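Please treat every number below as a calculation from the coordinates, not as lab data. Here the structure is a predicted model, which means the values were calculated and not measured. Note that each Cβ is placed from the backbone with ideal geometry, even for glycine, and that neighbours are counted across all protein chains shown.
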There are 2 protein chains.
Amino acid sequence: MDKRDDKMAWKVLKSDYVVKEPWLTVRREHVQLPNGNEIPDYYLLDYPDWVNVIAITKDQKFILVRQYRHGLGYTSMELCAGVAEKEDPSLMVSAQRELLEETGYGNGNWSLFAELSVNPGTHTNMTYCFLATDVEKLAEQNLEATEDISVHLLTIDEVIELLRNDGIKQSVQAAPLWKYIGEKALEKLQNSSLSL
Amino acid sequence: MDKRDDKMAWKVLKSDYVVKEPWLTVRREHVQLPNGNEIPDYYLLDYPDWVNVIAITKDQKFILVRQYRHGLGYTSMELCAGVAEKEDPSLMVSAQRELLEETGYGNGNWSLFAELSVNPGTHTNMTYCFLATDVEKLAEQNLEATEDISVHLLTIDEVIELLRNDGIKQSVQAAPLWKYIGEKALEKLQNSSLSL
């Protein structure tokens, strides 16, 4: 987060809640820009932080889930993802909990892989993307009543094919997956003394 | 868009507008899942479609802009982006208009590069990402009163460094940039008879 540019920050003159429900919080702010101009009705969406995980098994299969998304009204392949609950002791534990619940996979080696925002203009929360390698099947799925999720194991070539065709449209998932593929390909080029 | 899975689609029992303002539209839907379970208050955000552009000059510089984003309260490097206005004859024209207004660059060779969603669970709109090569400086910036945007020309190595450090947190921009880098690196590997 680049905080050097505080001189570009907007001044909040007034802030009200327009919606404050369990699943949606909307704030309307009257703001003043550094150039003196004002926006009387700038809307902000407050959500808890979100997590997702690029989970890869010992035999190099990527664990994806397939589910319906009502905003676009379509069903597609996704990374396992969810909300960082207040009760979770850390963001990584949130991601581990989601992976276990949605897919039954766990263990392995975990690291924070990317910190992204779905929209830094409107959303005040972040999405933390984890990389988990050498995960293994520990249990069956344990879904909530509102979840209908199937689990799919894909090779890296199948993931690349999916990404090339925008088969994963959720940008906060496409970004870390492309980052994983991109960094791997760049490393391979470098090891072969090749450049882009 | 995979429409084969209509059997997974939710049935809308009731739909109301909670907010219907020029800059924000929120719908609350009472939905029924295929398994019979119901969600009485599922919130959807209706926005117009968005566009952004990976613009590259004839001497291979990436055109980025730097601006403040009030959701995260930070200033950062971004792709040139904006709203597909109703008056624009096509999405590509929207992207060309935004690039010219925000940076003064235009012309070159344009193609649709990625179709993404900031969040297919909540957002009903799409973001269309264009690739524009060989663009050239045509004019000065022509900003709106609420815009304070500086233009920056980066080499591909500077873009990669920025992406590696999550310097571009807006996932709908990080995703197409990583896609561009990733596809380029994969192509180079393939041309050298190497694989991932």
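When chain A is treated as a Gaussian network with alpha carbon springs shorter than 10 Å, the biggest mean-square fluctuation among A:GLU136, A:GLU85, A:GLU144 belongs to A:GLU144.
Cβ crowding within 10 Å ranks A:MET126, A:MET92 as A:MET92, A:MET126, fewest other Cβ atoms first.
Hey, got a sec? Which trypsin sites (Lys or Arg not before Pro) in the range B:46-83 land in a DSSP loop and have at most 16 other Cβ atoms within 10 Å? Counting only loop positions with at most 16 other Cβ atoms within 10 Å, the trypsin sites (Lys or Arg not before Pro) in the range B:46-83 are B:LYS58.
What FRET efficiency would be calculated for the residue pair A:ALA139, B:LEU196, taking the C-beta separation as r and a Förster radius of 30 Å, to the nearest 0.05? Efficiency computed from Cβ-Cβ geometry: 0.45.
Neighbour counts of C-beta atoms inside 10 Å place B:THR75, A:THR57 in the sequence A:THR57, B:THR75, starting with the fewest. Does the range A:116-155 come out rounded, prolate or oblate, given a ≥ b ≥ c as the square roots of the eigenvalues of its C-alpha gyration tensor, rounded meaning a/c under 1.5 and, failing that, prolate meaning a/b above b/c? Here the range A:116-155 falls in the oblate category. Would you mind counting up the charge near A:LEU189? Only other residues with Cβ under 12 Å from its Cβ, with Lys and Arg at +1 and Asp and Glu at -1. Taking every Cβ under 12 Å from that of A:LEU189, the sum is +1.
Using a Gaussian network model of chain A with C-alpha springs under 10 Å, which one of A:ASN109, A:ASN142, A:ASN37 is most mobile by mean-square fluctuation? Comparing A:ASN109, A:ASN142, A:ASN37 in a Gaussian network model of chain A, the most mobile one is A:ASN37. Peptide A:43-52 shows a mean partner chain C-beta count of 2 within 10 Å per residue C-beta.
At a Förster radius of 30 Å, what calculated FRET efficiency corresponds to the Cβ-Cβ distance of A:GLU115 and B:SER90, to the nearest 0.05?
Working: r = 34 Å, r/R0 = 1.14.
With R0 = 30 Å, the Cβ-Cβ based efficiency is 0.30.
Between copies, B:GLY104 shows label-point distances of 6.1 nm, shortest first, with the point placed 7 angstrom from Cα along Cα to C-beta. Which of B:ASN35, B:ASN125, B:ASN107 moves the most in a Gaussian network model of chain B with Cα springs under 10 Å? For chain B, modelled as a Gaussian network with Cα springs under 10 Å, the answer is B:ASN35. Relative to the Cα centre, the charge distribution of chain B, modelled as +1 at Lys and Arg Cβ and -1 at Asp and Glu Cβ, gives a dipole magnitude of about 560 debye. For the segment B:21-27, counting C-beta atoms of other chains within 10 Å of every residue's C-beta and taking the mean gives 4. Between A:VAL83 and A:ILE156, the simple label model (points 7 Å from Cα in the Cβ direction) yields a spacing of 3.6 nm. In terms of the Cα gyration tensor, with a ≥ b ≥ c the square roots of its eigenvalues, is the protein assembly as shown rounded because a/c is under 1.5, prolate because a/b exceeds b/c, or oblate? Taking the square roots of the gyration eigenvalues as a ≥ b ≥ c, the protein assembly as shown is oblate. A simple charge model with +1 on the Cβ of Lys and Arg, -1 on the Cβ of Asp and Glu and nothing else charged puts the dipole of the protein assembly as shown at about 260 debye relative to its Cα centre. Classify the range B:50-191 from the C-alpha gyration tensor, please: rounded if a/c falls under 1.5, else prolate or oblate depending on whether a/b exceeds b/c. Note, shape of the range B:50-191 comes out rounded.
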